[in-house]
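First the structure, in the form of structure tokens, and then the observations on it.
The values are calculated or read from the model by the stated rules, or taken from the named source; none is laboratory data. All values reported here derive from a predicted model rather than from experimental measurement. In this analysis, Cβ positions are derived from the backbone assuming ideal geometry, glycine residues included, and neighbour counts consider all displayed protein chains. Please note that ligands, DNA and RNA were not included when accessible areas were found on the heavy atoms of the full protein model with its side chains. Shrake-Rupley method; radii C 1.70, N 1.55, O 1.52, S 1.80 Å.
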Amino acid sequence: MTEKDDHPTCPERPYDVVLFGATGFAGGLTADYLVEHLPESGRMALAGRNRDKLEAVRDRLTGINPDVSDIGLLHADSTDPASLTEVARSAKVVITTVGPYLEYGAALVAACAEEGTDYVDLTGEPEFVDRMFLGNDATAQKTGARLVHACGFDSIPHDLGALYTARNLPANAPMEIRGVVRTNASLSGGTLHSALKQLSRLRPMWQAASQRRRAESTSAGRRARLTVGFPRRDRVTGTWLIPLPTIDGQIVTRSALTAPSADDYGPDFSYSHNAGAKKLRTVPASLVGFVVGIAAVQIAPVRRAIARRIAAGEGPSQERRDRTWFTVEFVGTAAGRTVHTRVRGGDPGYTETAKMLAESALSLAFDDNPALAGQLTTATAMGGNLIDRLTAAGMSFEVLSHTP
């Protein structure tokens, strides 16, 4: 991570935001949100392989907001690096919903890093994020590109919620925060396929993480670590804690290690990431299910059978999404003070994810964010600006209690 300068060889970009993947379910929701919230002077384009499908999406979008009629269409194919370079050259910010990212994402990240183009995605794949750091962070620092992964439910509520909580604690003392997520959402097709891909690659994932740890520099005199506890009753949130091995905890600790200001997370920061269960019997069932699931996806025929249950690019009805919710509660302690906060929103897998992804891109394109470049997190790249945007868009960040 370094201070961001304008790319010295970069011409004026014809588009503020280009969306790759608008013909899919999550991409379509993101496109709908963008066309309703793009500033009056904003310019957007859609990118993909099939021009007929892109034209159909554009027609739908102009029906939603006739004032945004000049929507560009760009050819982009994840197997054609030249087309991705042209997309990157055309945009201030590129959004992609095309996953699994381990299969389809690397060339676009490389193109954006090379062209000094800001980039956001929805990945929850740790190996992909680590490999993109190893391959592109140095280039992005030179060109001024901001590469921001995990801009959906993975991992914005957790990353920004931890930042919000930390800012409500004393900054000059060791700090501990635990996150507790609850939702009634079902697994999305895109998330399922990405998870299956990543869980079938445990050894490569570990190797990529090890390579990154050796290569990554952190701020001198600052510590941040991810802790994994045992299932237990949390008196503050009123739930049973089930440790979650998702990417969210890694993102939070990277934010703490690389934050522009040490005051945000203190000199010594620890974070634990958990699911919250109301009933004790959920705990052993979840743990056994996770272990069995990990073992099952190592067998290719079983993995393929699971993948067929929900196709990538499919999603629930509007009625089902309207009944879906999430909360992430945080309990933070520092210098004898405890604060209990909550991030709350609607359907996390689709409606809120599209909102979070689109607002991340709009923040990079139009807000006065910290002058940084390289691979960043949402907390380091946009921080308070993105919290303000999401609050205005209907998500809530609130302090529930604090002591003393």
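Restricting to DSSP H runs of at least four residues, report the calculated mean residue ellipticity at 222 nm for the chain, -39500 (n - 2.57) per run over all residues, nearest 500 deg cm²/dmol.
-13000 deg cm²/dmol, from helical runs alone.
Given 0.36 nm per residue, what is the gain on full extension from residue 304 to residue 40 after removing their alpha carbon distance, in nm?
My answer for the length gained is 90.5 nm.
Between region 224-283 and region 363-394, how many Å separate their Cα centres?
Taking the Cα centre of each part, region 224-283 and region 363-394 sit 22 Å apart.
By how many nm would the segment from residue 203 to residue 173 grow when fully extended, if each residue of separation counts as 0.36 nm and the alpha-carbon distance is taken off?
Extra length available between residue 203 and residue 173 comes to 7.1 nm.
Can you compute the modelled spin-label distance between residue 216 and residue 64, with each label point 7 Å from Cα toward Cβ, in nm?
Distance between label points: 3.4 nm.
Tell me the net charge near residue 346. Cut-off is 15 Å between Cβ atoms, residue 346 excluded, with +1 for each Lys or Arg and -1 for each Asp or Glu.
Neighbour charge sum, excluding residue 346 itself: +1.
Have a look at 364, 102, 147 and tell me which one the Gaussian network model of the chain (Cα, springs below 10 Å) gives the largest fluctuation.
102
Roughly what % antiparallel, to the nearest 5, for the DSSP beta bridges in the chain?
Approximately 50 percent, going by the DSSP bridge assignments.
Where Lys and Arg each count +1 and Asp and Glu each count -1, what net charge lies around residue 237 among other residues with Cβ under 11 Å from its Cβ? Working shown, then result.
On the way: positive: 178, 182, 233, 235, 278, 342; negative: 234, 329.
That sum, taken over residues with Cβ under 11 Å, equals +4.
Using a 1.4 Å probe, what is the accessible area per residue for the chain, in Å²?
44 Å²
What's the Cα-based Rg to Rh of the chain, Rh via Kirkwood?
Ratio of gyration radius to Kirkwood radius for the chain: 0.95.
Just to be sure I understand: with springs between alpha-carbon atoms less than 10 Å apart, which residue in 345, 42, 315 has the highest mean-square fluctuation in the Gaussian network model of the chain?
Of 345, 42, 315, the Gaussian network model singles out 42 as fluctuating most.
Relative contact order of the chain: what whole-number percent is it, with Cα pairs under 8 angstrom and at least 6 residues apart?
Computed value for the chain: 22 percent relative contact order.
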